[in-house]
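**Student:** Can you keep this structure in mind? I'll have questions shortly.
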Amino acid sequence: MTSERLVYVVDDDDSVRRSAAFMLRHAGFKVHPVESGVAFLKLAKGADRGCVLLDVRMPDMDGLQVQQQMVKDGIDLPVVILTGHGDVEIAVQAMRAGAINFLEKPYEKEALIAALEEAFARLEDSNLKEMAASEAKVRLACLTRRELDVLEGLMAGYPNKTIAYDLGISPRTVEIYRANMMEKLRVRSLAEALRIGFAAESGDGPEPS
């Protein structure tokens, strides 16, 4: 049941914690607000199973450091990253390290709920990661070489202009390849496209068409 699902809201901004907690409780989730990454790591080892809504920009330990420490400590809880505007490169790093999704502030309620639903699906199905890797390779197989090049640039955290420069094409052409790539992958957000790309990295990638 959704009412039994626990979300740890880890953010040093009290207003963000309050807002997220209010939104999630009204959506039927159980919420445990935590004021810092350090505080979360102290409670996490013995904590109840749940998902983590983790802010990137925090003092003492930022979200990436918290995520890295979770891996070292064997804390296997799905993570959804919260970023400010312009932190996409950091969000890419977090997803490469295993985060389920990222949301840019201010985020929409529907986007937050969808990201957490996916995180809980991962929590409830230990085989989902392996299945996702297999499916990701099948999806990437339909991309052309140039579409794969654009995806790889996005996975590196590069903006369209940088990808265009590296590939020797115009930013507008990158936008076209990016749109085609997302349509073929059947995704609606950059985070979804990145997740497919990172999932496929777990093994040998497909040959481009």
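The values are calculated or read from the model by the stated rules, or taken from the named source; none is laboratory data. Keep in mind it's a predicted model, so treat the numbers as computed, not measured. Reconstructed Cβ throughout: ideal geometry from the backbone, glycine too, with neighbour counts over all protein chains shown. Just so you know, the surface numbers come from the protein's heavy atoms only, side chains and all, with ligands and any DNA or RNA stripped out. Shrake-Rupley method; radii C 1.70, N 1.55, O 1.52, S 1.80 Å.
**Student:** For Ala91, are the conditions met, namely being surrounded by 15 or more Cβ atoms within 10 Å (Cβ to Cβ) and at pLDDT 85 or above? Can you show your working first?
**Tutor:** Working: surrounded by 15 or more Cβ atoms within 10 Å (Cβ to Cβ): yes; at pLDDT 85 or above: no.
No, not satisfied.
**Student:** If Ser134 satisfies every condition in (1) under 28 Å from Asp62 (Cα atoms); (2) over 13 Å from the mean Cα position of the chain (by Cα); (3) open to solvent by 50 Å² or more (accessible area, probe 1.4 Å); (4) of a type in the set (S, T, N, Q) but one, which is the exception?
**Tutor:** Condition (1) is where Ser134 drops out.
**Student:** Just checking, how many residues over segment 141-173 are over 21 Å from Gln93 (Cβ atoms), open to solvent by less than 70 Å² (accessible area, probe 1.4 Å) and either among the β-branched types (Val, Ile, Thr) or touching a residue at least 60 places away in the same chain (Cβ under 8 Å) (or both)?
**Tutor:** Residues flagged as over 21 Å from Gln93 (Cβ atoms), open to solvent by less than 70 Å² (accessible area, probe 1.4 Å) and either among the β-branched types (Val, Ile, Thr) or touching a residue at least 60 places away in the same chain (Cβ under 8 Å) (or both) within segment 141-173 amount to 7.
**Student:** Are there any pairs, at least 6 apart or on different chains, whose C-beta atoms fall under 6 Å, with the first in segment 53-73 and touching a residue at least 60 places away in the same chain (Cβ under 8 Å) and the second open to solvent by less than 50 Å² (accessible area, probe 1.4 Å), and if so, which?
**Tutor:** Listed by first residue and then by second, the contacts come to Leu53/Val7; Leu53/Val9; Leu53/Val80.
**Student:** Next up: Can you say whether Leu43 is in contact with a strand residue (DSSP E or B) (Cβ under 9 Å, 6 or more places away or on another chain), loosely packed, with under 15 Cβ neighbours inside 10 Å and not charged (D, E, K, R), as far as the supplied structure shows?
**Tutor:** Answer is yes for this residue.
**Student:** Right, something else. Can you tell me which residue in segment 96-117 is nearest to the chain's Cα centre (by Cα), limited to those that are in a helix (DSSP H, G or I) and basic (Lys, Arg)?
**Tutor:** Checked segment 96-117; the qualifying residue nearest to the chain's Cα centre (by Cα) is Arg96.
**Student:** Of all the residues that make up segment 3-24, how many are within 17 Å of Ala119 (Cα to Cα) and open to solvent by 50 Å² or more (accessible area, probe 1.4 Å)?
**Tutor:** Number of matching residues: 2.
**Student:** OK, next. How about segment 5-95: which helices (runs of 4 or more DSSP H) wholly inside it have at least 3 residues that are basic (Lys, Arg)?
**Tutor:** Numbers: elements: 14-26, 37-44, 63-73.
In segment 5-95, the matching helices (runs of 4 or more DSSP H) lie at 14-26.
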